[in-house]
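Below is one structure, written out as structure tokens; the observations come after it.
All of the numbers you see were taken from the coordinates with simple rules; none came from a lab. Bear in mind that the values here come from a model prediction, so they are computed numbers and not experimental data. In this analysis, Cβ positions are derived from the backbone assuming ideal geometry, glycine residues included, and neighbour counts consider all displayed protein chains.
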Amino acid sequence: MLRVISGTLKGQRIETPEGRGTRPVLTRVRKAVFDVLQFAVPGTRILDLFGGSGSYAFEALSLGAASATIIEKDPQAYRILVRNARVLGVEKQTECLRGDALEEIPALSRRGRRYDLVFVAPPQGLGLVASTLARIMQYPLLSSSGLVVVQHHPKEYSEGLAKEGWVLAREKKYGQTIVGFYQSRSGPQRSRAE
């Protein structure tokens, strides 16, 4: 079990899936991310592409995000995600989609969806960081001042993103986890992470 660490839902429990199919975001990493983002979160539209338990999205909703779309492929994790939204009382603000994140990105873009914050914390070792960012660049999902928060292992690919149109606004390392805050090169120069 995880807990929401700040905001209106502070202290509420978040159930996490068992097994190795998903990896819950460490509390200290989530806290560090939202220490950076807390003033940028209120009123935003959130997309959590590899949702797992939904901890990133639920933390954002607790801090005043307007809505969250969470995508999760694993059936067990998806059931837990839906249950978490219900137990936390944020069902009306939360859209839970069961599917592959890389396939859902084009579908959301075609429906005209735009998000202010996109969280990318995929399973490790599958090359999903680069492919996900490439897909977001190909199928626009970001609002004009949107920010993509990427969590990955230090050995995972992260170089070369600049040539794919991304600017690294900020990066932090927490043990074996790196969190990067990316903005589209075509977006405004000021980042929501500043």
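At most 10 other Cβ atoms within 10 Å and a DSSP loop assignment: could you name the trypsin sites (Lys or Arg not before Pro) in segment 95-128 that fit? When the trypsin sites (Lys or Arg not before Pro) of segment 95-128 are filtered for loop state and at most 10 Cβ neighbours within 10 Å, Arg111 remain. Basic side chains Lys and Arg get +1 at the Cβ, acidic Asp and Glu get -1 at the Cβ, and with that the dipole of the chain about its Cα centre reaches some 260 debye. For the peptides 173-179, 60-66, residues were scored by their other Cβ atoms within 10 Å and the scores averaged per peptide; the highest-first order is 60-66, 173-179. In segment 37-121, inverting the average of 1/r over every pair of distinct C-alpha atoms gives 12.6 Å as the Kirkwood radius. Close Lys pairs in the chain, defined as Cα atoms under 18 Å apart and 8 or more places apart or on different chains, number 5. Considering only Phe119, Ser143, Ile80, the residue lying farthest towards the positive end of the dipole of segment 2-184 is Ile80, judged by Cα position with unit charges set on Cβ.
Tilt of helix 128-138 relative to the longest C-alpha principal axis of the chain, in degrees (0 to 90, nearest 10)? On a 0 to 90 degree scale, this one is about 70.
Among Ser6, Ser55, Ser184, a tally of other beta-carbon atoms within 10 Å of each Cβ gives an order, fewest to most, of Ser6, Ser184, Ser55. Taking only the alpha carbons of the chain, we obtain Rg and Dmax values of 15.1, 43 Å in that order.
Entry for segment 93-147 at q = 0.14, 0.15, 0.24, 0.27 Å⁻¹: log10 I(q)/I(0) = -0.37, -0.42, -1.09, -1.31, Debye formula applied to identical alpha-carbon scatterers, no solvent contribution. Among the GluC sites (Glu not before Pro) within segment 15-107, those in coil by DSSP and having at most 10 neighbouring Cβ atoms inside 10 Å are Glu18.
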